[in-house]
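Single-structure report; data block below.
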Amino acid sequence: MPNRLDALDWPHLEQDLDAVGCAVVPRLLTRSECSSLAAAYADDDRFRSTVVMARHGFGRGEYRYFAYPLPPLIAELRETLYPSLASIANRWNRLMAIDVQFPADHAAFIGRCHRAGQTRPTPLLLRYGAGDYNCLHQDVYGEHVFPLQVACLLSTPGEDFDGGEFVLAEQRPRMQSRAEVVPLGLGDAVIFPVRHRPVQGTRGTYRVTLRHGVSRIRSGHRFTMGIIFHDAT
């Protein structure tokens, strides 16, 4: 895992985030790691809560939030991806005139969350079956929000499931929404904004609002791992 993370092309990922609002990391996880994480969904002791999406109008399917301590793989990803993402987040906030900056170390940011009462871990596993989907939404959870998050596909499109595309919807001021469908393969990860990103216009930089979701699964089962870098109240 350290060698894979060290080899990430952060200038290219940052360019994609600036240009289209998301960036794909091919094969962030191995097939074995994907299988192990997907199998963990059945282990109740690993999780602090389970959400049945239809009960809350969130869509159809289920997701489960991990409890602390996080599985070592997820803890490593959260801590190792954070510094480069924090550099991007700080630049974005300056461009959007948002007076919040993030420390370079994830533990320092989590300390900020915990002092504000955001103490519950937010990394999660999501499980979808045929006919399930995830409505467009934002993962905010409290006052302190880290602006970027990561989702990794743990199933193989065309083999384990059909449909179930990852979707971003971007609302620009006084314009209709723009949709971005992000193709992912087994082990691929997508980095995307939690709720805002800066866009360069003819009169300077302006702020756009984003939501993300998953289109309807037509057949099979789809598992996803999500890494959110702030904790929840």
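Some points to look at:
- Rh (Kirkwood; distinct C-alpha pairs) - the range 70-147, Å: 14.5 Å
- Separation between Cα centres of the range 11-42 and the range 45-88, rounded to whole Å: 14 Å
- Formal net charge of residues neighbouring L124 (Cβ-Cβ distance under 15 Å; K, R +1; D, E -1): +2
- Span-like helix ranges in the chain, DSSP H, alpha carbon extent 24 angstrom or more, Kyte mean at least -0.5: 72-95
- The range 158-227: radius of gyration over Cα atoms, expressed as a fraction of 2.2 N^0.38 Å: 1.34
- Surface composition of the range 1-156: carbon plus sulfur atoms hold 52% of the accessible area, using a 1.4 angstrom probe and ignoring ligands, DNA and RNA.
- Ordering of 92-98, 188-194 by burial proxy (mean other Cβ atoms within 10 Å per residue, highest first): 188-194, 92-98
- In the context of the full set of protein chains, residues of the chain present 47 Å² of accessible surface per residue (probe radius 1.4 Å, heavy atoms only).
- Shape index of the chain: Rg/Rh, with Rg the Cα radius of gyration and Rh the Kirkwood radius from the inverse mean 1/r over Cα pairs, equals 0.94.
The values are calculated or read from the model by the stated rules, or taken from the named source; none is laboratory data. On a predicted model such as this, the values are computed, not experimentally measured, just so you know. We place every Cβ from the backbone using ideal geometry, glycine too, and count neighbours over all the protein chains shown. To get the accessible areas, we keep the full protein, side chains included, count just its heavy atoms, and leave off ligands, DNA and RNA. Shrake-Rupley method; radii C 1.70, N 1.55, O 1.52, S 1.80 Å.
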